[in-house]
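Nothing in this text is a laboratory measurement; each read-out follows from the coordinates by a stated rule. All values reported here derive from a predicted model rather than from experimental measurement. All Cβ positions, glycine included, derive from the backbone under ideal geometry; neighbour counts span all protein chains shown.
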Amino acid sequence: MADITITQKITIELDGESPFEYVVMKQGDKGSRVLAVSLLQNKQPYEIPTGCTARIKYYKPDGNPVLNDCTLSGNEILVTYTEQMLAAAGVGKGEIVLLKNGKELKSATYYTKIVETVYKTEGLTSDKEFLSIATVLNDMDQAAQKATTEANIAKKIAEDAKTNSDKVIADTKTAITNTNEATEATKAATSGANIAKENAEKATQSANAAAGDAQKATTAAKAAAAACEGIAAGINTIADTTTGKTYTIGVDAGRIYLEARD
């Protein structure tokens with residue numbers, strides 16, 4: 001089934017006068033009228049840069065303003081006339097606006113003659129129309145929502161990073177505490193070993209001293225035994241004047257004994 005859209009073509013200069021001819025539209029038409037605009041610069045076709053957006057700034061015959069988005073098709077700018085743009089009969093005027101990177105370039109003013117319809121539709125009132133602003137606001141809202149989502153994600157990442165950082169700090173403190181405790185235990189063990197070593201050395205010294213004393217006692221005992229044997233060797237008998245008995249003096253294993261004679 002064929003489409004009922006009608007496209008008119010017009011050439012508008014960027015640096016010259018308004019086009020001589022009017023664009024002719026019909027009052028009350030809705031979405032069926034498209035204007036294909038080609039731009040000229042110094043009488044030569046203007047190549048629309050990549051990344052541009054286009055809008056139509058338009059005043060209706062009754063003075064109500066319109067700001068709507070246009071469509072780029074190759075090197076043409078397609079202006080779709082909405083029902084509001086054609087709501088009032090008479091002559092309206094507009095200009096094409098190119099936008100890129102915060103810059104704005106306007107065409108020369110062109111004129112639209114809107115022929116009055118023979119039958120007016122009830123309920124349609126000419127009013128302002130800012131579909132482009134609605135689009136901008138919608139884009140801003142979507143951008144804000146996206147920014148909020150990304151901010152929440154970034155916040156979550158930051159919170160997770162802080163949690164992990166706190167855990168690392170806590171683990172590090174625990175490790176330091178354990179290391180300090182191990183160091184103190186090592187010091188205590190070393191101190192205990194040193195004390196044990198000192199006690200062992202003292203015990204060895206005491207044992208050596210006792211051995212020396214024992215050696216001295218043995219030497220003294222041997223000397224006493226030798227002396228006793230010497231005495232015994234010089235004296236063989238002794239008389240008891242009380243009993244009148246005579247005793248023989250002997251030495252056995254370092255002991256002196258008396259043996260009575262018959």
**OP:** Could you go through region 182-195 in sequence order and give the Karplus-derived ³J(HN,Hα) for each residue, using 6.51 cos²θ - 1.76 cosθ + 1.60 with θ = phi - 60°, rounded to whole Hz, and x for Gly and Pro?
**Re:** 5, 5, 5, 5, 5, 4, 5, 5, 5, 4, x, 5, 5, 4
Subject >> Calculated log₁₀ intensity ratio I(q)/I(0) where the Debye formula runs over C-alpha points of region 1-113, q = 0.10, 0.17, 0.18, 0.19 Å⁻¹ >> reply: -0.27, -0.80, -0.89, -0.99
Original post:
How do Met25, Met85 line up, fewest other C-beta atoms within 10 Å first?
Top reply: Met25, Met85
Subject >> Pairs from Lys57/Lys128; Lys93/Lys128; Lys43/Lys93; Lys30/Lys106; Lys103/Lys146 whose Cα-Cα separation, in the structure shown, is over 19 Å >> reply: Lys43/Lys93; Lys30/Lys106; Lys103/Lys146
Subject >> Span from the region 30-61 Cα centroid across to the region 87-127 one, whole angstrom >> reply: 12
Subject >> Spin-label pair Asp166/Gln41, simplified geometry with 7 Å Cα→Cβ offset, distance in nm >> reply: 5.9
Subject >> Those lysines that a straight Cα-Cα span of less than 22 Å connects to Lys173, excepting residues fewer than 8 apart in one chain >> reply: Lys162, Lys187
**OP:** Arrange Ser126, Ser73, Ser38 by Cβ neighbour counts within 10 Å, fewest through most, would you?
**Re:** Ser73, Ser38, Ser126
Original post:
What order do you get for Cys52, Cys70 when you list them from fewest to most C-beta neighbours inside 10 Å?
Top reply: Cys52, Cys70
